[in-house]
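Here's the structure we're looking at; comments come further down.
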Amino acid sequence: MRSDLPGAPADPETLRTFIADGLERARNRTHALTDCDDEDLLKQHSPLMSPLVWDLAHVGSQEELWLVRDVGKMEPLRCDLDQMYDAFQHPRSSRTTLPLLSPQESRKYIAEVRDKALDILERTPLEGSPLVNRGFAFGMIIQHEQQHDETMLATHQLRKGTPVLHGQPFASGVGPQDLHALPKEVLVASGPFTMGTSVEPWALDNERPSHSVDVPAYWIDTVPVTNGAYRHFIDDGGYRNSRWWTSEGWDHCRDAGLAAPKYWERDGDGWSRTRFGVVEPVPDDEPVQHVCWFEADAYARWAGRRLPTEAEWEKAARFDPRSGRSRRYPWGDEDPAPHYANLGGSALRPAPAGSFPAGASPLGVRQLIGDVWEWVSSDFRPYPGFTAFPYPEYSEVFFGSDYKVLRGGSWAADPAACRGTFRNWDYPIRRQIFTGFRTARDATPVEGR
C-alpha cells in the first residue's frame, strides 16, 4: 500500500503502536460487552446466537492460534480448547452443552494470550511473509475480535430482562439538516470502475484482488430505506401479497410468520420496538433494520425498484467521477471519524436518514458506511483471481448461492472491520443482525449518457 494513504502506517514503530492501540480498543469493547452477571454470560439468549461467554473465550482462542502459535512460534497455552472454540465444530445452538470456560477462567485466559501477543508484536518484523507484512495477522485478529463484539451486541439485543446497555447521543452537526432538500435518488453514470483492492494492507481475501467492472447506468437511493417508508409497505399488505416475493421468499414469509421487521410489535395504530430491553415507538426517520434479504427484496419490488448489485453498491460508495479512481471510503481516503459515519456501537441505534453529510460519496449518496449493513442482490462469490488467504474457512467455504452479500457496515461495526471494500455475507433469512437496505433502478439510455 502507498505510504501516503491512511490505514496501517508504513513506519514499523508507528505501525506497532497502531496495532497495539487497535488490540486494546477491541479488548476494552469486549470487556464492556461482557460486564454483566455470570448468569447472563452463561445463558443462551437465543438458539441463533452463542452464549456470550463462548464469544469471550473464542476471541482469545483465535488470537492464540494466529499470533502466539503461527506468528510467534510459541508453545500452545491451551491446545485443549482448540476444538471447543472452533466455530466450525459446534453450531451456535449446541454451544451451551460444551464444558466452556467460566467467565472468570475466560477472562484470565484471554489476558494471558494478550500478554504473549503483545510481546510477539514487539519482536516480530512486520515485513516479509504475507502473514506478517504490514501487520496483517495482527490486523486480522483486531477485525475478528471487533466482529465478535458486533455479534455480542446482536446477542444483547435478543436478551430479555432489565437493560444493561445504554446508548450515547450523536455528536452535534451530524444530523440531517437538509434532508428535505436531498434528491430521493442519485444517478450513477455508466462506465468502468475499480472494484475491490490489491493495496489495502488489512483487507481480507474476499476483498481481493482489485479488478475493473463495467457497470451500466443506474439510479440508487440517496439514503437507506427508512422505518417510515417501510411502514407503507406493511400497511399496503406487503406481507400478505405473494406478488412481491420470490417463491422461496414467500415460503419463508409464511413459514416464519413474518409481518414486520424483527422486534416490531403493533401498538394501537402504530408500531413499537424493543431495543436493548427498552420498548419505544418506532422512529420513522431511522433506516429500517432487522429485515432479512427476502423482506428487502420484496419491498424493492413493491416500490417498483430492485436491490442494487454488489458492484453498483461499491461504485456508488467509492467511485470518484472527477478523478476516475476508487476511494477507500465514500468521503475519501481518511480513516473513519465520528463526523463521517455512525460506527463503533456507542449509539446503539442507526442515525436518522440523511445524517453525516461529511461522509457522503462524491455523487452525494449518504450513509453508505455505518448505520445498517445493506443487503444487495448479489450472491457471495469470489472476485476474478481470488486466492484464499490465510485459510479457506474464512471466505472460500461460503462462496455460492446460499449466501447474500451485505455491504457498508452497521452502527455496531468498528471502523477496523469496515471499509469501502469490506464484504459481509449471511443467509437471506437472517434478521437478528443489524441489516437494512437501499434500492436502485436501471437508468434509461438517455439518462445514462
Within the stretch 429-449, which residues are in a strand (DSSP E or B) and within 18 Å of Ala154 (Cα to Cα)?
Thr435, Gly436
Considering only residues that are open to solvent by 30 Å² or more (accessible area, probe 1.4 Å), more than 19 Å from Trp411 (Cα to Cα) and either outside any loop (DSSP other than H, G, I, E, B) or not aliphatic (A, V, I, L, M) (or both), which ones fall in the stretch 336-364?
Pro362
Reported set for the stretch 149-160 where residues are within 16 Å of Ala57 (Cα to Cα) and open to solvent by 30 Å² or more (accessible area, probe 1.4 Å) is Thr151
Only one of Leu33, Leu23, Leu56 that is in contact with a Ser or Thr (Cβ under 6 Å, 6 or more places away or on another chain) and at pLDDT 95 or above:
Leu56
Name the pairs whose Cβ atoms lie under 8 Å apart, with the first residue in the stretch 384-397 and at negative phi and among the charged types (D, E, K, R), the second surrounded by fewer than 16 Cβ atoms within 10 Å (Cβ to Cβ) and modelled with pLDDT under 95, and 6 or more positions between them or separate chains?
Glu393/Phe88
For the stretch 396-411, give me the residue count where each residue is in a loop (DSSP other than H, G, I, E, B) and under 9 Å from Trp373 (Cβ atoms).
3
Qualifying residues in the stretch 35-63 (those that are touching a Pro at 6+ places or on another chain (Cβ under 7 Å) and of a type in the set (D, E, K, R)) - the one least open to solvent (accessible area, probe 1.4 Å):
Asp38
Quick one: which residue in Glu122, Glu105, Glu112, Glu145 is of a type in the set (Asp, Glu) and open to solvent by less than 30 Å² (accessible area, probe 1.4 Å)?
Glu145
Restricting the search to the stretch 317-373, which residues are among the basic types (Lys, Arg) and under 16 Å from Phe170 (Cα atoms)?
Arg349
If Ser401 passes every condition in (1) open to solvent by less than 30 Å² (accessible area, probe 1.4 Å); (2) without any contact (Cβ under 8 Å) to a residue 40 or more places away in the chain but one, which one does it miss?
(1)
Look at Ala300 and say whether it is touching a residue at least 40 places away in the same chain (Cβ under 8 Å) and among the aliphatic types (A, V, I, L, M).
yes
Which residues, taken from the stretch 374-385, are open to solvent by 10 Å² or more (accessible area, probe 1.4 Å), out of contact with any Asp or Glu (no Cβ under 7 Å at 6 or more places or on another chain) and not basic (Lys, Arg)?
Ser377, Asp379, Pro382, Tyr383, Pro384, Gly385
Just the residues that are in a loop (DSSP other than H, G, I, E, B) and among the hydrophobic types (A, V, I, L, M, F, W, C), please, taken from the stretch 276-311.
Phe276, Val282, Val288, Val291, Cys292, Ala303, Leu307
Are there any pairs with C-beta distances below 6 angstrom linking a residue in the stretch 178-204 that is without any contact (Cβ under 8 Å) to a residue 40 or more places away in the chain to a residue that is surrounded by fewer than 20 Cβ atoms within 10 Å (Cβ to Cβ), with the two at least 6 apart or on different chains, and if so which?
Pro192/Ser212; Pro192/Asp214; Ser198/Pro209; Ser198/Ser210
Residue check, Val113 in contact with a His (Cβ under 6 Å, 6 or more places away or on another chain) and either closer than 17 Å to Asp149 by Cβ or modelled with pLDDT of 95 or more (or both):
no
For the stretch 83-101, how many residues are surrounded by 14 or more Cβ atoms within 10 Å (Cβ to Cβ) and either hydrophobic (A, V, I, L, M, F, W, C) or touching a Leu at 6+ places or on another chain (Cβ under 9 Å) (or both)?
9
Lone unmet requirement of (1) part of a loop (DSSP other than H, G, I, E, B); (2) open to solvent by 30 Å² or more (accessible area, probe 1.4 Å) for Asp70:
(1)
Residue tally, condition touching a strand residue (DSSP E or B) at 6+ places or on another chain (Cβ under 7 Å) and in a loop (DSSP other than H, G, I, E, B), over the stretch 312-335
1
Out of (1) modelled with pLDDT of 95 or more; (2) out of contact with any Lys or Arg (no Cβ under 9 Å at 6 or more places or on another chain); (3) closer than 30 Å to Asp37 by Cβ, what's the single condition that is false for Lys160?
(1)
Give me the pairs: first residue in the stretch 88-108 and over 19 Å from Thr34 (Cα atoms), second residue open to solvent by 40 Å² or more (accessible area, probe 1.4 Å) and among the polar types (S, T, N, Q), beta-carbon distance under 9 Å, and six or more apart or on different chains, which are they?
Gln89/Gln83; His90/Gln83; His90/Thr97; Ser93/Gln44
Going through the stretch 101-124 in order, the residues found to be hydrophobic (A, V, I, L, M, F, W, C) and in contact with a Lys or Arg (Cβ under 7 Å, 6 or more places away or on another chain) are Leu121
By residue number, the members of the stretch 73-85 that are in contact with a helix residue (DSSP H, G or I) (Cβ under 6 Å, 6 or more places away or on another chain), closer than 17 Å to His148 by Cβ and not in a helix (DSSP H, G or I) are Tyr85
Being of a type in the set (Val, Ile, Thr) and surrounded by 17 or more Cβ atoms within 10 Å (Cβ to Cβ) is true for just one of Val291, Val279. Which residue is that?
Val291
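The values are calculated or read from the model by the stated rules, or taken from the named source; none is laboratory data. Fair warning: this is a prediction, and the values are worked out from it, not measured in the lab. With ideal geometry, Cβ positions are generated from the backbone for all residues, glycine too; neighbour counts draw on all protein chains shown. Side chains are part of the model used for accessible areas, which takes the heavy atoms of the whole protein and leaves out ligands, DNA and RNA. Shrake-Rupley method; radii C 1.70, N 1.55, O 1.52, S 1.80 Å.
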